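The values are calculated or read from the model by the stated rules, or taken from the named source; none is laboratory data. All values derive from a computational prediction rather than experimental measurement. Neighbour counts run over all protein chains shown; Cβ positions are idealised from the backbone, glycine included. Remember, those area values only see protein heavy atoms, side chains included, never the ligands or the DNA or RNA. Shrake-Rupley method; radii C 1.70, N 1.55, O 1.52, S 1.80 Å.
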Amino acid sequence: MNELIEYFVKNYPFLWGYMLDHLEIVGLATITAILIGVPIGIYLTTNKYLAGTILQLASVFMTIPSIALFGVMIPVLSVINQGVGFLPAFLALVLYSQLPIIRNTYTGIQNVDPQLRDAANGLGMTTLQRLWKVEIPNAMPLIMAGVRTATVLNIGIGAIAAFIGAGGLGVVIYQGIVRANTTMVLAGAISVAVVAILADFILKLIQKKLTPKGAN
Amino acid sequence: SVGGKSVKVGAKNFTEQAILAKMSVFLLEDNGFQVDEISELGSTALRQALETEQIDITWDYVGTGLVTYLDQPPIADSEEAFAEVNRLDAENDIVWTNLTEANNTYAIMMQEEEAEELGIETISDFAAYINENPGEINFATDAEFANRADGLAGMEEFYDFSLEGSITELETGLYYNALNNNEVNASVGFSTDARIDDFGFRVLEDDQGFFPSYSAAVSMTEDVYEEYPEIEEIFAPLEDILDSETMRDLNYQVDIEGESVELVVQDFLQENNLIEE
Amino acid sequence: MDTFNKRTALVVKILLWTAIAAFFIWGFSQGMFRQIYEQPGLFLELLGEHVLIIFASGFAAVLIAVPLGIFVTRPAFRRTEWFIVTVANLGQTIPSLAVLALAMGVLGIGVEAAILALFVYSLLPILQNTIAGLDSVDENTKDAARGMGLTNLQILWKVELPNAVVSIIAGIRTALVINIGTAALAYLVGAGGLGVWIFTGIRLFDNSYLISGAVPVTLLAIAVDLLFRYLERVLTPKGLILAREANEA
Amino acid sequence: MIQFDNVNKVYEGDVKAINNVDLTVPDGEMVILIGPSGCGKTTLLRMVNQLETISSGSILLNGEDVTTLDKIEMRRKIGYVIQSNGLFPNMTIEQNMMIVPQLLGWDRAKKRDRFNYLMDLIGLNPDEFKKRFPHELSGGQQQRIGVARALAADPPVMLMDEPFGALDPIIRARLQEEFLQIQREVKKTILFVSHDIDEAVKMGDKIVLLRDGEVMQYDTPAEILNHPKNEFVNEFVGSDRVLKSMSLYTVKDLYKAFTLKPNFESKDIRTINEDTSLRVAISMILNQEADQLVIEDNEGNNHGSLTMDLLEQFLHKEIKGQEG
Amino acid sequence: MIQFDNVNKVYEGDVKAINNVDLTVPDGEMVILIGPSGCGKTTLLRMVNQLETISSGSILLNGEDVTTLDKIEMRRKIGYVIQSNGLFPNMTIEQNMMIVPQLLGWDRAKKRDRFNYLMDLIGLNPDEFKKRFPHELSGGQQQRIGVARALAADPPVMLMDEPFGALDPIIRARLQEEFLQIQREVKKTILFVSHDIDEAVKMGDKIVLLRDGEVMQYDTPAEILNHPKNEFVNEFVGSDRVLKSMSLYTVKDLYKAFTLKPNFESKDIRTINEDTSLRVAISMILNQEADQLVIEDNEGNNHGSLTMDLLEQFLHKEIKGQEG
Ligand SMILES: Nc1ncnc2c1ncn2[C@@H]1O[C@H](COP(=O)(O)OP(=O)(O)OP(=O)(O)O)[C@@H](O)[C@H]1O
Ligand SMILES: Nc1ncnc2c1ncn2[C@@H]1O[C@H](COP(=O)(O)OP(=O)(O)OP(=O)(O)O)[C@@H](O)[C@H]1O
Ligand SMILES: [Mg+2]
Ligand SMILES: [Mg+2]
């Protein structure tokens, strides 16, 4: 315990650096995933046949072990000379986030009381107005829950991206493993966990902000 | 930073590499570079990344360059090997600079007592013992050594023995503990690794000279070499201070004392007045 | 509109299968899977290690987590529930890599460390889903059971567990799928498994190792996922499937 | 028989839900608990089978204090129907209905017979529904199964909490009729919660009107309608309570109350069956179907004629008569 | 004005939901669509604002075929109230109510005025409720907001699908009264779905009785009650239809129909206000509150006395009179 505290005290600037790397890659991946996943989720509500296929596909991506997916990224991206470092890790994380984001957006909007959709139509809203004013606001808690799941998941998986040179807190854990240095492993693990918990907490606040008061 | 000086530094997945890469990072940053570090790669992956400019600059070993990357016969003398590598790699647009005296060759290690008991001092003894008692020695190796031309297969052929069926594959670095805990009888290792002394391993003598010189040097893309000629000068001081002893000492601080690479490197560079406090 | 949607879905499906087929054709033509057929003995050994790690840890986790989940949802111990759930939630923010490393700190290098790590890591989803499943049983239904004079044990056995079984199996499925992925990292603590080839591939930039390791692991994960989804369907009381369909309609 | 003896219930947070309730539900009668939302109907019901504790006072079931009885055993002897039926979604209709008999260890043949009997009683085909699951049934069918399940082990006492609350008016009326029919056969001692005065009047042998946990009036439907004890009861039963009370009497009640001469005068006089309710009778008169209606019993005998005057007199007598 | 011209609706799977419906809803009148569950009420309503397509025939809105109109624009001009109110939980009461004006681009002042006016109309304090969310309101309040929302842009035509369906009887009755009051002021053209004959009789200028997608009878409430066209209508309105029809008339209707002499005889005779419905009047007489009741208008003038005989005569006259 003392060793751990000592380690943090001595190394916080360096740990901070790893953490920023970690956050950068996870943050960018999650934002990208939202930009892709939310519109897909919304679109899927208009095409139930495609929804089945896409949701299945996304759930298959989730089952691919992360190290395997990172691994496969290497030969695929080496074709464009981007096999190690940022890009493969980024892409893998974007893929992993798709399922929770698409699924939650999809079910969120599907679960909006059909009566509300009916009322919106009956009041003469256009499809887009209905989406913005009724469906998305009421689906917001679920959409954000998906984003939170994706983020926390990605923070954990991001630790494995260290093996393809993407840096981040995974490096600390990895070096701890090969040096049989439990202090380092703990330092890395605790940092990742804290980042995940903080991210979840902050996203919860954002969720509260974005969720209209009456919708839940 | 837009328009600023920016390079990507690569590193392999063991302590010495982490240390050397950190030195590069600190020195370059101290000289106004913006540095990205891409670490924990295998040798082959690192080399591939360098050739395809996914990284710009890295520390590597002339022996590795010669035998593994360029498929040449080993050269024992490090200066000669350095010159040869540089000459041949020009064709790959890769430049080698800043040859140091830190020679990190492969080491074949056993527990002192067991080696004593079995009367093994050299790799030749080791080969002979295995040929007499096939399957008795459990040998730990990492994926890289198991598959390199100057690795296990080359060694087996050179010394004429076969470990077939009694190999344990472990992640680079884990085998020191595995050997120490008697989970294996022998293992590959790096000669500059401090754990050899600390755990009291016997390093088997490469009596017939299989392993080439693995002196560390900087390897970078020609583009970066030409764009930032100052890099060679920045690293120049290291040519004199880095030798095998120093490397072993730095590794000791990280692997045995549990210090972080960053702290060790920072202290080292400050002591040698290479960066400011 | 409907036919247009159907057609879009079909096109996407065809594209997907084409991509998958293309991947395998490319893989085989490039000899990407050659490690499997060149060293079948080693492949089976690694696969065996992988499967052993997953099932040993998964089995132990089920034995512990399900009873624990039942325990904390009993009215008398309800107070402990939030604590257990919070711990389970926090536990899942710790990366699997770290759990492996810490297990190695306890048990040293080898299969035991991997099994311990995966056991601990699988406890969480199974526990969470057991609790969620039991909690989701309609209060009215339980009330009716109580009012008819079922004992607490009978309520658990005849009403709560049958209605929670889907959720519990889903938890086991999640745990196993995560385990298969984490077991691929077990190489890092010297526990072997197909991760050996994946890491060899990454270190050496040798795609044949990579693909020969990564694709079987992935297929294993998908197979286990499908198997358990099937189990979920088969083991779900028929009445619950109907209930769910009725709710969706 | 269920006796409530000075029963009180205070929930956590000092919510007084039941206040000094004294009440007896006689054997074989159906007593309806009615009152505004939150008045304590459910609470009172659930204290009987000990799903809620009693804060003070006592409840006697056939003379025994319920708190001294073994809970499990007692509950198996009391049929309990909760609002929204509470069927087990994981069990078939047969399993649902036979759960208590099964717990009681009945043999297969006995269970089968009972199942068939009860399904007949509620008018569903046993073989057709046996293997189905609750969600394959309509709301009304589910509700019937819920009632039949409570009857399964032939309990002498039943507690029913708004058993028809969630149904649409037409199906609801049908189930009420059916259940009355069943009750005429099985003669259970029933405590029945409702929030609908029409249902209460139609179904109850007696009605308990609750307000804020206190009994406002405990009487027969006729008494409640004709002689509301206070303003609250009066308002609760509604301004047209006389018209409501007319559904309680049949033409037979009327001719029994007076000595009428048979009527053979005119040929175009319409007849009215003795079982017709007075509410329908007044409608017929007002509808000008006839100035007077010849009363016929089920054998076709003439019992005199019914006029508006007579109706008024009868109501007068009933209402006044009960005033004494 | 809404005209249905030989309208048919066939759902996928060959469900004939609406069958040759011909119907006109005159300007400023409220027409009630009533019938058993599944008879096609909702379908017929939703074809007007094109939430359902028309399979054949045409619907004209003020003379224009609805299928030729721009859907969005048309819907904004038709107030639509769906069962269970359909308020948007994410919007405040004000936002909910002003959604159509906002879509129409009204300026703030105009919206504020309209909001205040409507809140007054439905008897809720604008400032108190403005910033609240639907779930912070009781069911009855929500329902009122739902109706007010449909009225927001002052549409000449309203479609209301069981707007009071989900409410308990007491609140329901109150809202019905209120809405009748409002309708007297605003005089919209309204098509109103109900499944409750009492509601239909109380609210409708005319009633359409549907069965399996076909119109059984389209008439005033009095006609439907007094002269059901066929056995189905007769059964649907119930055996006590005369009592129901009595809610349609007030004491005033009665004294206008006869020339009565003022009554100053006895002192203990009770009075009855001219606006009282005959249903309450007969209850009072049957309840023995008095043999006769002195009729008073709103100014306190005496208009003679009401007796059971008179009531009978009046009903006779009404029913016979309309037969011609
Ligand atoms: N578990 C509880 N804890 C605290 N107060 C309760 C509890 N259950 C009920 N109450 C309160 O006790 C009172 C009576 O509740 P009860 O459910 O018996 O009413 P009810 O007459 O059945 O109403 P409803 O017609 O709405 O079902 C209410 O004020 C209610 O809020
Ligand atoms: N989308 C649909 N597809 C197929 N059939 C439908 C659809 N919507 C309604 N129906 C059928 O059309 C008929 C009329 O339905 P509608 O909803 O108009 O009845 P309703 O009179 O409003 O009934 P309720 O009183 O129950 O609301 C019913 O038989 C119903 O099953
Ligand atoms: Mg209740
Ligand atoms: Mg409808």
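Computed from backbone phi with θ = phi - 60° and the Karplus coefficients 6.51, -1.76 and 1.60, the 3J(HN,Hα) list for the stretch A:184-196 is 5, 4, 4, 4, x, 5, 4, 4, 4, 4, 5, 4, 5 Hz; x is used for glycine and proline. Site pair A:Y12 and E:H227 shows an inter-label distance of 9.4 nm when each label is modelled 7 Å from Cα along Cα→Cβ.
Across the stretch A:129-178 the C-alpha pair distances fall into 5 Å bins from zero in the proportions 5, 19, 16, 13, 10, 9, 8, 8, 7, 3, 1, 0 percent. With 27 Å as the cut-off, how large is the P(r) tail for chain B, expressed as percent of Cα-Cα pairs? For chain B, the fraction of Cα-Cα distances above 27 Å is 39 percent. Over the protein assembly as shown, the pair-distance histogram of Cα-Cα distances with 10 Å bins from zero comes to 1, 7, 12, 15, 15, 13, 10, 8, 7, 6, 3, 2, 1, 0, 0 percent, rounded to whole numbers. Charging the Cβ of each Asp and Glu at -1 and of each Lys and Arg at +1, and nothing else, the dipole of the stretch E:2-240 about its Cα centre rounds to 980 debye.
Its Kirkwood hydrodynamic radius, worked out from the mean inverse distance over all distinct Cα pairs, puts chain A at 18.8 Å. Report note on the peptides B:183-193, A:115-125: ranked by the mean count of other C-beta atoms within 10 Å, highest first, their order is B:183-193, A:115-125. Taking every alpha-carbon pair under 8 Å whose residues sit at least 6 apart, the stretch A:1-93 reaches a relative contact order of 30 percent. Take the accessible area of A alone and of E alone, subtract that of the pair with a 1.4 Å probe, and the total buried over both chains is about 1900 Å².
Each residue, B:E132 and E:D205, gets one label point 7 Å from its Cα in the Cβ direction; the gap between the two is 11.8 nm.
Could you calculate the FRET efficiency of C:V51 with B:A149 from 1/(1 + (r/R0)^6), where r is the beta carbon distance between them and R0 is 51 Å, rounded to 0.05? E between C:V51 and B:A149, to the nearest 0.05, is 0.90.
Residues of the stretch D:131-148 whose accessible area (probe 1.4 Å, heavy atoms of protein chains only) drops by at least 50 Å² once all protein chains are present, relative to their chain alone: D:F133, D:H135.
Picking from D:Q83, D:G304, D:T24, whose Cα lies most toward the positive end of the charge dipole for chain D (charges on Cβ: Lys, Arg +1; Asp, Glu -1)? Projecting each Cα onto the dipole axis, the largest value belongs to D:Q83. A crude spin-label estimate for the pair E:R174 and A:D113, with each label 7 Å from Cα along the Cβ direction, gives 2.1 nm.
Under a model in which nothing but the beta-carbon of Lys, Arg (+1) and Asp, Glu (-1) is charged, chain C shows a dipole of about 360 debye around its Cα centre.
Our summary gives chain D a relative contact order of 18 percent, counting only alpha carbon pairs under 8 angstrom and 6 or more residues apart. Expressed in units of 2.2 N^0.38 Å, where N is the residue count, the Cα radius of gyration of the stretch C:142-182 is 1.67. What does the charge add up to near B:I256, with Lys and Arg as +1, Asp and Glu as -1, over the other residues with Cβ less than 12 Å from its Cβ? Result for the neighbourhood of B:I256: -4. Using Cα-Cα distances under 8 Å and only pairs 6 or more residues apart, what relative contact order does the stretch A:2-210 have, in percent? Computed over the stretch A:2-210, the figure is 28 percent. When only alpha carbons of chain C are considered, Rg and Dmax amount to 22.0, 68 Å. Once all protein chains are placed together, E:K317 keeps about 100 Å² accessible to a 1.4 angstrom probe. Accessible area per residue was computed with a 1.4 Å probe on protein heavy atoms; B:M110 scores about 0 Å². Shape index of the stretch A:150-192: Rg/Rh, with Rg the Cα radius of gyration and Rh the Kirkwood radius from the inverse mean 1/r over Cα pairs, equals 0.98. Remark: accessible area buried at the E-D interface is about 2100 Å², both chains counted, probe radius 1.4 Å. Pair-distance distribution P(r) for the stretch D:46-92, from all Cα-Cα distances in 5 Å bins starting at 0: 5, 18, 27, 20, 14, 9, 5, 2, 0 percent. Per residue of peptide A:166-173, the mean number of Cβ atoms on other chains within 10 Å of the residue Cβ is 4. For E:D297, the point set 7 Å out from Cα toward Cβ sits 5.4 nm from its twins in the other copies, listed from shortest up. Cross-link reach is defined here as a Cα-Cα straight distance under 24 Å, omitting same-chain residues fewer than 8 places apart; for B:K22 the lysines meeting it are A:K10, B:K5, B:K8, B:K12.
For the stretch E:144-271, place one equal point scatterer on every Cα, skip the solvent, and apply the Debye formula. What is log10 of I(q)/I(0) at q = 0.18, 0.20 Å⁻¹? Log10 of I(q)/I(0), two decimals: -1.07, -1.22. The helix-based estimate of mean residue ellipticity at 222 nm for chain D, built from -39,500 (n - 2.57) per DSSP H run of four or more residues and divided by its residue count, is -11500 deg cm²/dmol to the nearest 500. With all pairs of separate Cα atoms included, the stretch E:110-167 yields a Kirkwood hydrodynamic radius of 12.1 Å.
Taken about its Cα centre, the stretch E:96-190 carries a charge dipole of about 280 debye when Lys and Arg each add +1 at the Cβ and Asp and Glu each add -1 at the Cβ. Once all protein chains are placed together, E:I295 keeps about 0 Å² accessible to a 1.4 angstrom probe. When a 1.4 Å probe is rolled over the protein heavy atoms, the share of accessible surface on chain B that falls to carbon and sulfur comes to 39 percent.
Summed over the residues of the stretch C:150-204 and divided among them, the accessible surface reaches 22 Å² per residue at a probe radius of 1.4 Å. Label reach from C:T151 (point 7 Å along Cα→C-beta): in the stretch D:98-119, amide nitrogens under 17 Å belong to D:100-106. Estimated translational diffusion coefficient (Stokes-Einstein, Kirkwood radius over Cα pairs, 20 °C, 1.002 mPa s) of chain E: 99 µm² per second. Against the longest alpha carbon principal axis of chain D, how many degrees, from 0 to 90 and to the nearest 10, is the axis of helix D:308-323 turned? Approximately 50 degrees, to the nearest 10. Taking the charge dipole of chain D about its Cα centre, with +1 at Lys and Arg Cβ atoms and -1 at Asp and Glu Cβ atoms, the residue from D:V201, D:I182, D:Q50 reaching farthest to the positive side is D:Q50.
Listed by chain and number, the lysines whose alpha-carbon sits under 26 Å from that of A:K133, ignoring those within fewer than 8 places in the same chain, are A:K48, A:K204, A:K208, A:K209, A:K213, E:K71, E:K77, E:K110, E:K111, E:K130, E:K131. Projecting 7 Å from Cα along the Cα-to-Cβ direction, the label point of E:F258 sits 2.1 nm from its equivalents in the other copies, listed shortest first.
Quarter the surface of the alpha carbon convex hull of the stretch B:1-112 and you get the mean projected area, 8.5 square nanometres.
Each of C:L176, D:P126, B:Y252 was scored by the projection of its Cα onto the charge dipole of the protein assembly as shown, and the greatest displacement toward the positive side belongs to D:P126; charges sit on the C-beta of Lys, Arg, Asp and Glu. Where the accessible area of chain C is counted over protein heavy atoms with a 1.4 Å probe, how much of it, in %, is carbon and sulfur? Percent of accessible area from carbon and sulfur atoms in chain C: 71. Each of C:R7, C:R203, D:R46 has its accessible area taken with a 1.4 Å probe; listed largest first, they run C:R7, D:R46, C:R203. The Cα trace of the stretch C:111-158 gives Rg and Dmax of 16.6, 51 Å, the first to one decimal, the second as a whole number.
Comparing mean-square fluctuations of E:G28, E:G139, E:G13 from a GNM of chain E with C-alpha springs under 10 Å, the top value falls on E:G13.
In a fully extended conformation the segment linking C:D138 and C:Q30 would gain 33.3 nm over its present Cα-Cα distance, using 0.36 nm per residue. What a 1.4 Å probe finds exposed on chain D is 44% carbon and sulfur by accessible area, rounded to a whole percent.
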